[in-house]
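**Student:** Dumping the structure here so I can ask a few things about it.
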Amino acid sequence: MKIAFVGKGGSGKTTLSSLFIRHLAASRVPVIAVDADINQHLGPALGLDETEAAGLPAMGAHLPLIKDYLRGSNPRIPSSESMIKTTPPGEGSRLLRVGETNPVYDACVRTVDLDGSAVRLMATGPFTESDLGVACYHSKVGAVELCLNHLVDGREEYVVVDMTAGSDSFASGMFTRFDMTFLVAEPTRKGIAVYRQYKEYARDFGVPLKVVGNKVQGPEDLAFLREETGDDLLVTVGHSDWVRAMEKGRPARFDRLEEANRQALATLHRTADAAYGRRDWERYTRQMVHFHLKNAESWGNAKTGVDLAAQVDPSFVLSEGAVAPQPA
């Protein structure tokens with residue numbers, strides 16, 4: 001299951017995504033956590049110190065390796081240089097699976113221990129000083145999008161992505177790559193504005209969206225969120241001494257998280273799991289192709305010097321049963 005956490009900056013989406021990852025790990029569910037936010041705070045939220053977080057390999061730095069591996073023997077993609085972030089898989093492409101070992105994971109994944117349960121963590125990499133004025137952060141997130149396009153996951157296999165803040169998530173087609181999107185919203189006008197914007201953008205693509213109310217301090221906050229988000233409001237989260245200690249670098253064991261917040265995370269898990277029955281791999285593949293053709297026409301063809309529409313394999317549908325060649 002592919003799960004996204006989105007919301008305005010400061011809403012608490014990284015904190016909530018890290019708590020959900022911890023919940024899945026405690027439930028002994030295989031998890032790949034992906035930090036796709038420009039601020040790169042997911043590692044520390046999962047307990048890494050500054051040195052450990054800074055030492056995470058940047059996916060963007062390994063983009064040539066990622067492209068070359070995923071291309072496999074696909075005859076429609078003659079070179080990794082002709083691949084862009086939206087290139088879809090086809091016959092001969094290599095696919096990624098949550099629990100496997102492969103060169104992409106060897107280069108980009110680091111294992112994080114969470115109270116005896118391990119999760120795999122990947123990070124896009126920070127926006128560095130050398131990027132200022134010459135690079136777009138979405139070029140870094142392209143490595144995540146390419147991996148998601150080639151990822152096959154089943155029930156009770158989770159990929160949890162902490163997305164970049166606000167409407168920046170819509171700068172690529174990556175927002176359609178998820179079985180469920182949890183939008184973290186504070187009970188404020190700004191928090192609701194991001195929700196409305198996201199819902200409007202996502203509507204035409206059938207993106208499943210649920211709101212997680214955060215920093216809810218009483219009945220008035222709850223009533224405000226219910227009035228503004230209606231049935232999209234799934235659950236709310238209030239103050240947490242456990243989270244405050246974690247943010248100070250002194251987290252307790254996860255089983256000491258407040259019961260109300262543990263129940264909220266269980267609700268997120270049940271909701272995400274229920275989305276499995278609504279999976280439509282044909283629609284998923286069709287949307288992937290849609291954004292690839294859109295990017296090809298807008299900038300991809302000019303950048304690569306080839307007709308990227310030719311990369312589309314019209315007979316290929318990504319699915320759990322899809323078979324891909326394995327590395328020699």
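**Student:** Would you mind finding the one in 48, 63, 24, 56 that is modelled with pLDDT of 95 or more, outside any strand (DSSP E or B) and among the aliphatic types (A, V, I, L, M)?
**Tutor:** Values: 48 fails: modelled with pLDDT of 95 or more; 63 fails: modelled with pLDDT of 95 or more; 56 fails: modelled with pLDDT of 95 or more.
The unique qualifying residue is 24.
**Student:** Since residue 245 meets every condition but one in (1) touching a strand residue (DSSP E or B) at 6+ places or on another chain (Cβ under 6 Å); (2) without any contact (Cβ under 8 Å) to a residue 60 or more places away in the chain; (3) aliphatic (A, V, I, L, M), which condition does it not meet?
**Tutor:** Of everything listed in (1) touching a strand residue (DSSP E or B) at 6+ places or on another chain (Cβ under 6 Å); (2) without any contact (Cβ under 8 Å) to a residue 60 or more places away in the chain; (3) aliphatic (A, V, I, L, M), residue 245 misses just condition (1).
**Student:** Consider residue 51 carefully, then state whether it is of a type in the set (Ser, Thr, Tyr) and open to solvent by 30 Å² or more (accessible area, probe 1.4 Å). Walk me through how you get there before you give the answer.
**Tutor:** Working: of a type in the set (Ser, Thr, Tyr): yes; open to solvent by 30 Å² or more (accessible area, probe 1.4 Å): yes.
It is true that residue 51 is of a type in the set (Ser, Thr, Tyr) and open to solvent by 30 Å² or more (accessible area, probe 1.4 Å).
**Student:** Follow-up question, since we're still on this one. Quickly run through the stretch 27-45 and pick out the residues that are in a helix (DSSP H, G or I) and surrounded by fewer than 21 Cβ atoms within 10 Å (Cβ to Cβ).
**Tutor:** Filtering the stretch 27-45 for residues in a helix (DSSP H, G or I) gives 42-45.
Matches in the stretch 27-45: 44 only.
**Student:** Take the residues of the stretch 156-196 that are of a type in the set (Val, Ile, Thr) and part of a helix (DSSP H, G or I): which is nearest to residue 143 (Cα to Cα)?
**Tutor:** Initially, the stretch 156-196 is screened for residues of a type in the set (Val, Ile, Thr), giving 159-161, 164, 176, 181, 184, 188, 192, 194.
The next check asks that each one be part of a helix (DSSP H, G or I); those that pass are 176, 192, 194.
Working: 176: 16, 192: 30, 194: 25 Å.
Only one residue tops the list, namely 176.
**Student:** For residue 263, which of the numbered conditions (1) outside any loop (DSSP other than H, G, I, E, B); (2) closer than 28 Å to residue 97 by Cα fails to hold?
**Tutor:** Residue 263 satisfies every listed condition except (2).
**Student:** Restricting the search to the stretch 197-219, which residues are touching a residue at least 24 places away in the same chain (Cβ under 8 Å), part of a helix (DSSP H, G or I) and out of contact with any strand residue (DSSP E or B) (no Cβ under 9 Å at 6 or more places or on another chain)?
**Tutor:** Of everything in the stretch 197-219, those that are touching a residue at least 24 places away in the same chain (Cβ under 8 Å), part of a helix (DSSP H, G or I) and out of contact with any strand residue (DSSP E or B) (no Cβ under 9 Å at 6 or more places or on another chain) turn out to be 197, 201.
**Student:** Here's a follow-up. Can you name the residue in the stretch 1-19 that is open to solvent by less than 10 Å² (accessible area, probe 1.4 Å) and among the polar types (S, T, N, Q) and, of all such residues, is nearest to residue 216 (Cα to Cα)?
**Tutor:** The extreme case among them is 11.
**Student:** For the structure I just gave you, tell me whether residue 224 is of a type in the set (A, V, I, L, M, F, W, C) and over 18 Å from residue 16 (Cα atoms).
**Tutor:** Working: of a type in the set (A, V, I, L, M, F, W, C): yes; over 18 Å from residue 16 (Cα atoms): yes.
Taking the combined requirement at face value, the residue satisfies it.
**Student:** Which residues, counting only those in the stretch 101-120, are in a loop (DSSP other than H, G, I, E, B), at pLDDT 95 or above and not hydrophobic (A, V, I, L, M, F, W, C)? Reasoning before the result, please.
**Tutor:** First pass over the stretch 101-120, keeping only residues in a loop (DSSP other than H, G, I, E, B): 101-102, 109, 115-116.
Right, trim to at pLDDT 95 or above and you get 101-102, 109.
Within the stretch 101-120, 101, 102 meet the criteria.
**Student:** Of all residues being of a type outside the set (Asp, Glu) and open to solvent by 80 Å² or more (accessible area, probe 1.4 Å) in the stretch 252-271, which is nearest to the chain's Cα centre (by Cα)? Just the residue, please.
**Tutor:** Keep residues of the stretch 252-271 that are of a type outside the set (Asp, Glu), which gives 252-254, 256-257, 260-271.
From what is left, the residues that are open to solvent by 80 Å² or more (accessible area, probe 1.4 Å) are 253, 256, 262-263, 270.
Values: 253: 25, 256: 27, 262: 22, 263: 23, 270: 18 Å.
Ranking the candidates gives 270 first.
**Student:** Is one or more of the residues making up the stretch 82-102 closer than 19 Å to residue 120 by Cα, free of Cβ contacts under 8 Å to residues at least 24 places away in the same chain and open to solvent by 10 Å² or more (accessible area, probe 1.4 Å)? Before you say what the answer is, go through the steps one by one.
**Tutor:** At the first step, the residues of the stretch 82-102 found to be closer than 19 Å to residue 120 by Cα are 95-102.
Going one step further and asking which of them are free of Cβ contacts under 8 Å to residues at least 24 places away in the same chain, we end up with 100-101.
Subsequent filtering for residues that are open to solvent by 10 Å² or more (accessible area, probe 1.4 Å) retains 100-101.
The answer is yes, given that some residue of the stretch 82-102 is closer than 19 Å to residue 120 by Cα, free of Cβ contacts under 8 Å to residues at least 24 places away in the same chain and open to solvent by 10 Å² or more (accessible area, probe 1.4 Å).
**Student:** In addition: Looking only at residues in the stretch 272-291 that are under 17 Å from residue 210 (Cβ atoms) and not small (Gly, Ala, Ser), which one is surrounded by the fewest Cβ atoms within 10 Å (Cβ to Cβ)?
**Tutor:** Pass one, the stretch 272-291, residues under 17 Å from residue 210 (Cβ atoms): 272-279.
From the residues that got through so far, the ones that are not small (Gly, Ala, Ser) too are 273, 276, 278-279.
Working: 273: 16, 276: 14, 278: 10, 279: 15.
Ranking the candidates gives 278 first.
**Student:** Among what's in the stretch 297-327 and is open to solvent by less than 70 Å² (accessible area, probe 1.4 Å) and outside any loop (DSSP other than H, G, I, E, B), pick the residue that is farthest from residue 208 (Cα to Cα).
**Tutor:** The qualifying residue farthest from residue 208 (Cα to Cα) is 304.
**Student:** Considering every residue within the stretch 272-288, establish whether at least one is without any contact (Cβ under 8 Å) to a residue 24 or more places away in the chain, over 25 Å from the mean Cα position of the chain (by Cα) and not in a strand (DSSP E or B).
**Tutor:** Within the stretch 272-288, not a single residue is without any contact (Cβ under 8 Å) to a residue 24 or more places away in the chain, over 25 Å from the mean Cα position of the chain (by Cα) and not in a strand (DSSP E or B).
**Student:** May I ask you to list the residues in the stretch 227-251 that are open to solvent by 40 Å² or more (accessible area, probe 1.4 Å) and within 26 Å of the chain's Cα centre (by Cα)? Can you show your working first?
**Tutor:** From the stretch 227-251, those open to solvent by 40 Å² or more (accessible area, probe 1.4 Å) are 227-228, 231, 234, 236, 239, 241, 244, 247-251; that's our starting set.
Result: 228, 231, 234, 236, 239, 244, 247, 248, 249, 251.
**Student:** Still on this structure, please answer the following. Could you figure out which of (1) surrounded by fewer than 17 Cβ atoms within 10 Å (Cβ to Cβ); (2) more than 21 Å from residue 79 (Cα to Cα) isn't true of residue 294?
**Tutor:** Every listed condition holds for residue 294 apart from (2).
The values are calculated or read from the model by the stated rules, or taken from the named source; none is laboratory data. Treat the numbers as computed from the prediction; the structure is a model and nothing was measured. Heads up, the Cβs are rebuilt from the backbone with ideal geometry, glycines too, and the neighbour counts pull from every protein chain shown. What goes into the accessible areas is simple: the full protein's heavy atoms, side chains included, and nothing from ligands, DNA or RNA. Shrake-Rupley method; radii C 1.70, N 1.55, O 1.52, S 1.80 Å.
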